[in-house]
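Report on the structure given below.
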Amino acid sequence: MGGTLEFKNITKEFPGVKALDNISFKVNAGEVVAMVGENGAGKSTLLKVLNGDYIPTSGQYLIDGKECNFQTPQEAIKAGVGIIYQERQIVPYLSVAENVFMEEMPINSAGLIDYKKANKQTQDILDEFKLPFKPTDRVKNLSVAYQQMVEIMKSYRRNPKIIAFDEPTASLSDTEIETLFEIIDRMKKGGMIILYVSHRMKEIFQITDRMIIMKDGTYVDTLNTAETTEAEIIKKMVGRDLGDVFNNLERNHKIGAPVLRIENLTNDYVHDVSFEVRAGEIVGLAGLVGAGRTETMRSVYGADPILRGTIIFDGEEIRPVTPADAIKKGMALCPEDRKYEGIIGNGSIKKNISVSILKELCKFGFIDRKKEIKIGQVGITEFNVKTTTMDKEIKDLSGGNQQKVLLARSVATKPKLLILDEPTKGIDVGAKTEIYKMTCDMAKKGIGVVLISSELTEVLGLCDRIIVMCQGHITGELSREEATDEKILTLAMKDMLGGQGND
């Protein structure tokens with residue numbers, strides 16, 4: 001397999017917005033090329049042009065020197081283009097095999113769907129990917145990480161000429177990432193053209209040959225991965241040197257009384273978890289995928305049932321049965337999965353900010369629109385949401401701006417405790433910096449913050465204390481001063497190592 005993919009002067013305009021402006025670059029078969037830039041740089045828009053989701057306003061793209069004009073994703077697929085988007089394109093109530101063979105289920109001699117053949121071929125890919133679930137498993141019953149792997153399998157099965165990955169590792173564990181990288185390396189050696197979109201610099205340096213830098217819908221530069229540095233990339237992406245992000249933050253030094261204390265909390269995933277969070281304190285929950293961090297806080301928030309244990313919130317013992325109970329008490333949660341658990345995709349920015357306080361906005365059973373508009377304006381201003389109007393649908397915002405809207409919604413409830421679950425997942429470095437500052441600002445206002453993050457730099461850079469979990473248990477606690485990457489990872493793997501490792 002061989003060939004080229006070339007973009008020539010691609011421009012894409014929407015009403016009032018030029019999303020792509022004269023983009024030109026070329027990718028050769030047998031190389032992995034990263035597309036790097038802040039949210040809103042145009043990376044996903046360019047992939048949608050290649051995939052036939054969008055028709056370019058001007059310019060052309062060529063595969064193997066031949067001009068293409070895909071009108072639909074189906075045309076792109078037939079031509080050998082596979083796009084794996086950050087947001088999953090799967091049907092949760094169908095089986096793994098049915099998703100992998102979506103719209104192309106094999107037919108037997110009787111003209112019926114050959115499920116045996118589909119399951120067999122899906123199992124071959126599962127074995128190749130080293131995945132533990134079955135072809136017959138319903139996708140809705142799989143973890144977010146495994147659902148993402150099904151998405152990747154669906155495209156891989158078609159053996160495309162060109163494959164593009166848009167933040168494919170956002171929900172994957174380290175082991176699953178290594179498996180994916182092995183597959184990508186095999187594709188590369190087989191002569192595929194591979195585009196790779198990611199905000200994770202470590203991955204970009206590990207897997208790519210070159211990188212295309214984009215900013216505000218324009219092409220900035222092409223860099224050879226082996227000949228550049230992270231600092232140079234970031235400077236080209238954002239147009240300035242960010243310096244040491246965490247050292248520049250203004251931290252809260254007035255830690256108050258405990259706002260949350262949980263004692264021996266046990267549910268179906270975690271056992272005898274105990275810790276406290278003080279007013280104005282940022283407490284990190286660290287650990288590997290499956291450690292139980294999210295599951296702990298979902299029970300505290302009333303999203304999952306508690307089997308036993310005590311939750312003391314603001315001096316009162318509580319047992320939230322639903323998130324609504326927790327919100328009334330003064331808790332707020334920004335969930336890990338923005339698309340499915342956070343945003344109301346077709347709702348406006350204004351609606352997404354105000355939805356948690358509708359009762360406060362109602363007068364005689366009707367929403368006070370003036371109050372709703374004011375809440376929306378305050379949220380957009382305070383959290384620097386980039387938009388032309390608060391009536392814009394939130395699904396049309398970048399990931400970073402969607403996350404800012406969720407933060408604005410949380411703060412609108414005037415919480416005493418804010419739970420941030422992977423708040424910067426799939427967000428560019430510029431937006432991350434803003435969210436770090438906003439997190440510190442909320443702590444300075446006296447809000448207790450629980451930060452769940454898989455990025456050790458975030459945990460080390462933001463948190464006053466770090467609680468480390470492994471396989472449903474707390475294995476240690478570290479102050480900001482004593483915490484290091486090595487200490488956190490040792491504690492995060494402590495139960496897996498049979499209790500070995502030093503605190």
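Quick rundown of the values:
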| item | result |
| --- | --- |
| Residue list for region 262-288, restricted to those being part of a loop (DSSP other than H, G, I, E, B) and either over 21 Å from His473 (Cα atoms) or within 23 Å of the chain's Cα centre (by Cα) (or both) | Tyr269, Ala279, Gly280, Glu281, Gly287, Leu288 |
| Subset of region 248-261 that is more than 28 Å from the chain's Cα centre (by Cα) and aliphatic (A, V, I, L, M) - its residue that is surrounded by the fewest Cβ atoms within 10 Å (Cβ to Cβ) | Ala257 |
| Matching residues, region 398-411, being surrounded by 22 or more Cβ atoms within 10 Å (Cβ to Cβ) and small (Gly, Ala, Ser) | Gly399, Gly400, Ala408, Ser410 |
| Residue count for region 365-409, restricted to those that are within 27 Å of Glu281 (Cβ to Cβ) and assigned to a loop (DSSP other than H, G, I, E, B) | 3 |
| Region 395-449: number of residues that are under 19 Å from Arg261 (Cα atoms) and within 18 Å of the chain's Cα centre (by Cα) | 3 |
| Count of region 473-503 residues which are out of contact with any helix residue (DSSP H, G or I) (no Cβ under 8 Å at 6 or more places or on another chain) and either modelled with pLDDT under 85 or not β-branched (Val, Ile, Thr) (or both) | 18 |
| Selection count, region 176-214, where residues are over 21 Å from Glu230 (Cα atoms) and in contact with a Leu (Cβ under 9 Å, 6 or more places away or on another chain) | 4 |
| Checklist (1) assigned to a loop (DSSP other than H, G, I, E, B); (2) in contact (Cβ under 8 Å) with a residue 24 or more places away in the chain; (3) surrounded by fewer than 23 Cβ atoms within 10 Å (Cβ to Cβ) applied to Ala291, failing item | (3) |
| Residue ID - nearest to Ile23 (Cα to Cα), chosen from residues in region 59-99 that are of a type in the set (Asp, Glu) and modelled with pLDDT of 90 or more | Glu67 |
| Strands (runs of 3 or more DSSP E) wholly inside region 12-96 containing at least 1 residues that are over 25 Å from Asp221 (Cβ atoms) | 66-68, 81-84 |
| Wholly within region 126-216, helices (runs of 4 or more DSSP H) carrying at least 1 residues that are closer than 16 Å to Tyr85 by Cβ | 144-156, 174-189 |
| So Asp221, is it touching a strand residue (DSSP E or B) at 6+ places or on another chain (Cβ under 6 Å) and touching a residue at least 40 places away in the same chain (Cβ under 8 Å) | no |
| Residue check, Asn264 surrounded by fewer than 18 Cβ atoms within 10 Å (Cβ to Cβ), assigned by TED's automatic domain parsing to the domain that holds Glu422 and touching a residue at least 40 places away in the same chain (Cβ under 8 Å) | yes |
| Matching residues in region 68-114 - criterion: being surrounded by 20 or more Cβ atoms within 10 Å (Cβ to Cβ), closer than 30 Å to Pro56 by Cβ and without any contact (Cβ under 8 Å) to a residue 40 or more places away in the chain | Phe70, Ala76 |
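Here's the yes/no breakdown for (1) surrounded by fewer than 24 Cβ atoms within 10 Å (Cβ to Cβ); (2) within 26 Å of Asn346 (Cβ to Cβ):
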{"position": "Lys395", "(1), (2)": "yes, yes"}
{"position": "Thr413", "(1), (2)": "yes, yes"}
{"position": "Ile419", "(1), (2)": "no, yes"}
{"position": "Pro423", "(1), (2)": "no, yes"}
{"position": "Lys445", "(1), (2)": "yes, no"}
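The values are calculated or read from the model by the stated rules, or taken from the named source; none is laboratory data. Worth saying up front: this structure is predicted, and the values here are computed from it rather than measured. Using ideal geometry, Cβ is built from the backbone for each residue, glycine included, and neighbour counts are taken over all protein chains shown.
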